[in-house]
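Working notes for the structure below.
The values are calculated or read from the model by the stated rules, or taken from the named source; none is laboratory data. The shown structure was predicted, so the numbers you read here are calculated from the model rather than taken from an experiment. Note that we place each Cβ from the backbone using ideal geometry, even for glycine, and neighbour counts take in every protein chain shown. The area values use the complete protein model at the heavy-atom level, side chains included, leaving out ligands, DNA and RNA. Shrake-Rupley method; radii C 1.70, N 1.55, O 1.52, S 1.80 Å.
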Amino acid sequence: MGSNLEQEVDSASTGSPPKARVEFYDPYKESVWTRVGLTFESFKRAPGTTGGQVVSGSQNVSDLEKVLADAPMLQPKMKPRHLTMIAVGGSIGTGLFVGSGSALRQGGPAGVLVAWILIGIMLINVTQALGEMSIVYPVSGGFYTLAVRFLDPSYAFAMGWNYVFQWAVTLPLEITVAGTTVQYWGTDIMPLAAWITIFWVVIIIVSVFGTLGFAEEEFWSSCLKLLVVVLFIFIGVVFICGGGPSGGAYDHYIGGSKWQNPGAFANGFKGVCSVFVIAAFAFAGTELVGLAASETPNPRQTMPAAVKGTFWRITVIYVTSLTIIGLLIGYDEPRLQGGAADIDGAAASPFVIALGDAGVNGLDHFVNVTICISVLSIGLSCVYAGSRTLTALAETGYAPSLFTYVDKSSRPLWSLIAILVWGALAYVNVVAVGDTVFRWLVALSGLSTLFTWLSICLCHIRFRRAWQAQGHSVDELPFKALGGVYGSWFGVILIVLVLIAQFYVAIWPIGGMPDSPRETAENFFATYLAVPVMILFYAIGYAWKRTLPQRAHEIDLNSGRKSWLTAEEMNEWRAERRRAPWYIRIYRILFTN
């Protein structure tokens, strides 16, 4: 809101006592240095919510002041361009640039495409469902808070803490990967510990600027990542057609020869199953748009474009680039030894390998710089997602109240610190025992992303059921998920199948079971430990709060709600949009609402 809004509801006509006055915090009364987080004043607790989120259909609300006050403490600082680029390029990182090498080695080019396309279709449904709910409920904590409401607080407790822990562990992992990526240019430039310190300090400095620091970094790094991938696609097509530099690996037409020799699939069905989890890792962070919705002033305006941007990222960025990679490099390439969670730097990146083999001077270094920036970008996403979810856990009573602290610069201060300190774990990788430590830390929350996506799909199914049970029409929704409830059920089924496939690979890994029973057990729990941990956390949550899921007609559909438009108003709006010229309608279908 532009100024402090102090409103008293006129109760003279009703004869009821006057309602308490709501005082909204106006950050624009602070200095610009306080707003960006560079003064001591900025670290003081914000006195209240800004009430800055747009309420659609406010004329249908009896107490607008109450609806405005029922908003996150985090200030809506994100602009539409920020949210769009977070959705389109935010989660592009080591999963695509490095992890795809491991996927190609285990599943072959056809296995990679099968896994990425299926996970991609599922994620389109997940983001569509998340968009539908986040526009109506742009609440703090996003999908975690929605899981508390629509599913079960005990399950949400388990999923929320698992999600926080996933990002807390990923932060030092990404910092280490950034250090080893730089060592592509030589290991004698600087010790790994020094690189770790530099990257950790960079992440801390950007985090000082709060939401805007993260949003601006994500915007520009996403632009760079998209540029590099699109550039690689065009160059890759030229290489496949034999237009590479003379004397390089692609100075003659190769077409689909790599699909014939060594072949389209590596390790058969088991190879495809193993690639599913690598694909899920590569897409991790896609759900961040649901967290960011609470920090945008008008989610109804910005979320549809962000949600539809996910489709373009999956089709143009992932599927196209991985098709090119599968045509350029065979799965038997010995340098493809990196894994999704391995710390092997950029040397195992199929992007770097292809450009190096082609003999194109400098481009492999440019891609390596991009990988380094991507890793830092994911590191900042770790801090953002982890701190916001931890704050929401505290707001719902499942974490110490200390973490509800939000300062005048809109930083969840203690939550930020709690996630940032995990960066120190990166130093463990300087010693030999580091790989073992990280293997088990990653295993604790390795399937957290799948549990989160499962929660979003189940939330959507329950939301639609409650919406109908309480007399609402789907036409009231400002944005309707493309696949509706059927899309969410498809997501649920596919995620369960991925978990089964992961169990299958954990029991019978590629290459056969080890001779040692101890090693067999270690490999299984390194892959599947997250499931018993999730069950344990659920049991703790239930023992602590003793809560059960609510019936559809009992679910609270009004708290945090920011869209109160009637079905008639929405249908009139849609009819007006249909009268637009055909090219505008096509543009809206593809890119906006």
Legend entry - Volume of the Cα convex hull of segment 266-399, divided per residue and given in Å³: 158 Å³
Legend entry - Nonlocal amide H pairs with T49, under 5 Å, H built at 1.01 Å: Y25
Inset, instruction - Using only C-alpha positions, report the orientation-averaged shadow area of the convex hull of segment 356-515, nm², one decimal. - result: 17.1 nm²
Legend entry - Residues of type aspartates and glutamates that K225 reaches as a straight line, Cα spacing below 19 Å, ignoring anything fewer than 8 places off in the same chain: E174, E216, E217, E287, D364
Inset, instruction - Quick one: dipole size for segment 282-439, taken about the Cα centre, charges +1 on Lys/Arg Cβ and -1 on Asp/Glu Cβ, in debye to the nearest 20. - result: 600 debye
Inset, instruction - Output ³J(HN,Hα) for segment 524-532: one whole-Hz value per residue in order, computed from phi by the Karplus curve 6.51 cos²θ - 1.76 cosθ + 1.60 with θ = phi - 60°, and x for Gly and Pro. - result: 5, 6, 5, 8, 10, 4, 4, 5, x
Inset, instruction - Could you pull out every one of the aspartates and glutamates with an alpha carbon less than 17 Å from that of K44, ignoring same-chain neighbours closer than 8 positions? - result: D26, E30, D407
Legend entry - Cα Rg, Dmax, the chain, angstrom units: 24.5, 90
Inset, instruction - On a C-alpha basis, how far is the centre of segment 97-148 from the centre of segment 241-298 in Å? Whole number, if you could? - result: 14 Å
Inset, instruction - Apply the Karplus parameterisation 6.51 cos²θ - 1.76 cosθ + 1.60, with θ equal to phi minus 60°, to every residue of segment 209-220 and state each ³J(HN,Hα) to the nearest whole Hz, in sequence, with x for glycine and proline. - result: 7, x, 4, 5, x, 5, 5, 5, 4, 5, 4, 6
Legend entry - ³J(HN,Hα) computed for each position of segment 417-423 - Karplus, 6.51 cos²θ - 1.76 cosθ + 1.60, integer Hz, glycine/proline x: 4, 4, 7, 4, 5, 5, x
Legend entry - Acute angle (nearest 10 degrees) that the helix 448-469 long axis makes with the longest principal axis of the chain, alpha-carbon atoms: 40 degrees
Legend entry - V22 long-range amide H proximity, modeled H, under 5 Å: Q7
Legend entry - Carbon/sulfur fraction of accessible area - the chain, other protein chains in place, 1.4 Å, %: 64 percent
Legend entry - Packing rank of 120-128, 545-553, where each peptide gets the mean count of other beta carbons within 10 Å, highest leading: 120-128, 545-553
Legend entry - Residues with amide H under 5 Å from that of M73, placed H, sequence gap 5 or more: none
